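Notes follow once the structure below has been shown.
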Amino acid sequence: MEEDLRIGVFICECGQNIAGTIDIGKIEEYAKSLPAVSFVGRSRYACYRKGLRDIREAIAREGLNRVVIAACTPRTHEHLFRGIGEEAGLNKFLVEMVNIRDQCSWVHGEVPEKATRKAKDLIRMGVARASLLEPQAEVKAEVNPAAVVIGAGVAGMAAALSLARLNYPVKLVEKESRVGGLLNGLYQLYPLMQKASDFLAGQTSEVEKNPNIELLTNTTVIGVEGYIGNYQVSVSRDGTTSTLPAGVIIIATGAEVFSPEGLFDYNGKNVITQFEFEQVLRDGKKLKAKDIVMIQCVGSRTENRPYCSRICCLTALKNAGIIKEKYPATDVHLVFRDLQMSGALREKDIKKIKELGVKFYQYLPSQPPEVEDKSVEVNDQLSGQKIALASDLTVLSTPLVAPPGSKELSTLLRKPIDEYGFISDPLIKLRPVNYTPEGIFICGCAHWPADVGESISQGYRVAAQAAQIFKQAEVETEPIVSHVDEELCIACGLCESICRFNAIRLIETDKGMKSRVFPILCKGCGTCSAACPMKAITMHHFKDEQISAQIAASVAS
């Protein structure tokens with residue numbers, strides 16, 4: 001028996017974001033005229049509590065079995081409206097979103113009449129597609145409550161310890177011979193000014209003593225197979241290969257310090273990096289320099305590396321304060337472009353360091369300091385003068401950069417890297433620090449430059465998110481996956497060869513060799529469906545007839 005369609009269209013004004021350009025009244029009346037539309041509603045903000053409540057109540061009251069939301073982008077709000085559909089008793093995949101903000105009002109603000117007409121077109125297309133939507137059921141997979149943490153720096157150890165304290169087994173994989181990463185080269189940690197070596201010793205002891213953590217040093221990840229809840233991580237250690245089963249993977253591979261070769265006469269002797277200066281302080285040798293000049297933004301905020309590393313100013317001021325307190329007679333000059341010291345505590349520390357006698361000078365990118373044998377010449381923007389600063393030791397504050405191997409690891413995990421080599425999250429604004437749908441999480445400097453406190457915090461957060469997965473007997477992923485009609489399949493193998501997720505393979509069946517989809521691995525990209533010469537592969541939720549209905553509606557009057 002064919003279903004009697006009752007489609008509801010809900011239009012969001014989004015304050016003035018949509019209503020400021022589009023005539024909401026006109027598209028509301030137009031939506032009422034579309035086939036199978038039995039209810040049209042509008043709200044000031046559909047994603048607010050009242051708007052969501054009104055949608056939920058209307059679905060139940062009007063007996064709606066399809067819903068079209070005309071609002072903003074599904075990238076940020078689709079999950080919200082799908083959830084409301086579920087609360088009202090509707091399968092969440094019977095909810096369709098139409099983006100009349102980004103694709104209409106925001107891009108056609110100068111032509112409101114045309115924007116309104118386009119909004120009508122998009123709503124008509126959405127209704128056409130919604131009329132052919134089918135209920136879908138999530139793909140389920142059992143969960144192995146164990147984790148593999150890649151990288152035993154401060155973030156990786158924090159994540160591993162957090163999970164281990166919850167009695168989950170953790171394999172902590174470190175490619176170096178010791179844990180700690182960059183922490184091994186630091187002197188004191190801001191803001192408590194605890195010795196980094198003491199903090200690291202405490203963390204290392206906890207890791208080694210915890211029975212739920214297996215620490216694998218000198219170990220490299222060479223392969224990753226599987227899916228959320230059931231990963232197989234292949235590692236190589238001392239020439240021996242083994243496989244680590246895990247429900248989730250945490251990436252905590254850290255970063256490394258940029259070496260300023262060819263910049264400001266860097267030589268590693270009287271011109272060194274801030275990281276090398278940390279080691280001078282850590283070693284405890286008497287400082288012989290009477291005049292120290294610190295230069296900020298060396299190798300960062302440039303054409304090749306335009307980002308701010310965020311920790312350089314903090315480190316320079318911390319070390320300048322240490323010098324002034326330990327050697328009051330030493331002159332310390334800090335030459336900066338801008339100071340990045342966010343937060344009330346850090347702003348207060350700038351004042352404290354000035355009171356200790358550290359002198360500040362500001363330069364323009366077009367007029368960088370010039371390093372001579374025993375001096376640094378600065379065109380100071382604060383005084384408006386060109387000043388020659390005596391310098392026995394010049395310290396260059398350089399940024400954190402992605403470590404070698406990030407690209408290879410990102411390829412194994414099928415995760416993107418950004419233009420600077422950091423493993424990136426395409427949904428960073430929505431889900432910072434994680435890749436929840438795949439059970440792969442990222443924290444610390446593997447993600448982006450971060451200080452010690454932030455790295456630890458991110459380690460705790462991803463551990464908490466991993467624990468949420470472990471608490472479930474099984475996990476669910478979206479059913480927007482491909483499906484093979486074995487009657488049409490000729491086993492040509494094209495789909496298997498082009499699937500970068502290894503989600504479709506040729507297997508022996510009672511009908512001979514056929515392609516078979518492993519739904520939990522499929523990401524719904526549609527590549528196999530588009531490539532299949534026999535049209536044997538369809539995409540759940542994006543069938544040809546659903547797309548064709550949208551196309552036909554786009555040219556209808």
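The values are calculated or read from the model by the stated rules, or taken from the named source; none is laboratory data. Everything numeric in this text was worked out from a predicted model, so none of it was measured. Positions of Cβ are generated from backbone atoms using ideal geometry, with glycine treated the same way; all protein chains shown enter the neighbour counts.
Can you tell me which residue among Asn91, Asn99 is surrounded by 15 or more Cβ atoms within 10 Å (Cβ to Cβ), under 21 Å from Lys543 (Cα atoms) and in contact with a Cys (Cβ under 7 Å, 6 or more places away or on another chain)?
Asn99
Would you call Val107 crowded, with 16+ Cβ neighbours inside 10 Å and not small (Gly, Ala, Ser)?
No: the conditions fail for Val107.
Quick one: which of Met294, Met341 is buried (at least 21 other Cβ atoms within 10 Å of the Cβ) and within 35 Å of the chain's Cα centre (by Cα)?
Of Met294, Met341, the one residue that is buried (at least 21 other Cβ atoms within 10 Å of the Cβ) and within 35 Å of the chain's Cα centre (by Cα) is Met294.
Can you tell me which residues in region 264-276 are under 32 Å from the mean Cα position of the chain (by Cα) and among the hydrophobic types (A, V, I, L, M, F, W, C)?
Phe275
Quick test for you: out of Thr220, Thr253, pick the one residue that is under 21 Å from the mean Cα position of the chain (by Cα) and under 20 Å from Lys175 (Cα atoms).
So the residue among Thr220, Thr253 that is under 21 Å from the mean Cα position of the chain (by Cα) and under 20 Å from Lys175 (Cα atoms) is Thr253.
Among the residues of region 67-86, are any acidic (Asp, Glu) and within 27 Å of the chain's Cα centre (by Cα)?
There is at least one residue in region 67-86 that is acidic (Asp, Glu) and within 27 Å of the chain's Cα centre (by Cα).
Given the criteria acidic (Asp, Glu), assigned to a strand (DSSP E or B) and either in the same structural domain as Gly226 (by TED's automatic domain parsing) or closer than 24 Å to Phe258 by Cβ (or both), does Glu408 qualify?
no
Would you mind finding the one in Ala503, Ala491 that is small (Gly, Ala, Ser) and either in contact (Cβ under 8 Å) with a residue 24 or more places away in the chain or assigned by TED's automatic domain parsing to the domain that holds Leu183 (or both)?
The unique qualifying residue is Ala491.
Any idea how many residues of region 240-292 are closer than 29 Å to Lys324 by Cα, of a type in the set (Ser, Thr, Tyr) and part of a loop (DSSP other than H, G, I, E, B)?
Number of matching residues: 2.
Condition first: closer than 14 Å to Ala71 by Cβ, without any contact (Cβ under 8 Å) to a residue 60 or more places away in the chain and not in a helix (DSSP H, G or I). Now tell me which residues in region 10-45 satisfy that.
Answer for region 10-45, where residues must be closer than 14 Å to Ala71 by Cβ, without any contact (Cβ under 8 Å) to a residue 60 or more places away in the chain and not in a helix (DSSP H, G or I): Glu13, Gly15, Val40, Gly41, Arg42, Ser43, Arg44, Tyr45.
Is it true that some residue in region 314-330 is surrounded by fewer than 18 Cβ atoms within 10 Å (Cβ to Cβ), closer than 18 Å to Pro369 by Cβ and either without any contact (Cβ under 8 Å) to a residue 12 or more places away in the chain or out of contact with any Phe, Trp or Tyr (no Cβ under 6 Å at 6 or more places or on another chain) (or both)?
no
Looking at region 521-533, which of its residues are surrounded by 14 or more Cβ atoms within 10 Å (Cβ to Cβ) and not charged (D, E, K, R)?
Within region 521-533, Leu521, Cys522, Gly524, Cys525, Gly526, Thr527, Cys528, Ser529, Ala531, Cys532 qualify.
With respect to Pro519, is the statement that it is of a type outside the set (A, V, I, L, M, F, W, C), within 30 Å of Ala252 (Cβ to Cβ), more than 23 Å from the chain's Cα centre (by Cα) and outside the structural domain of Met157 (by TED's automatic domain parsing) true?
Yes: the conditions hold for Pro519.
Would region 221-229 turn up any residue that is within 26 Å of Gln472 (Cβ to Cβ), modelled with pLDDT of 95 or more and assigned to a loop (DSSP other than H, G, I, E, B)?
No; the residues of region 221-229 include none that is within 26 Å of Gln472 (Cβ to Cβ), modelled with pLDDT of 95 or more and assigned to a loop (DSSP other than H, G, I, E, B).
Which fully enclosed helices (runs of 4 or more DSSP H) of region 100-209 have 2 or more residues being touching a Leu at 6+ places or on another chain (Cβ under 8 Å), in the same structural domain as Arg237 (by TED's automatic domain parsing) and within 26 Å of Thr273 (Cα to Cα)?
By residue number, 154-165, 196-209.
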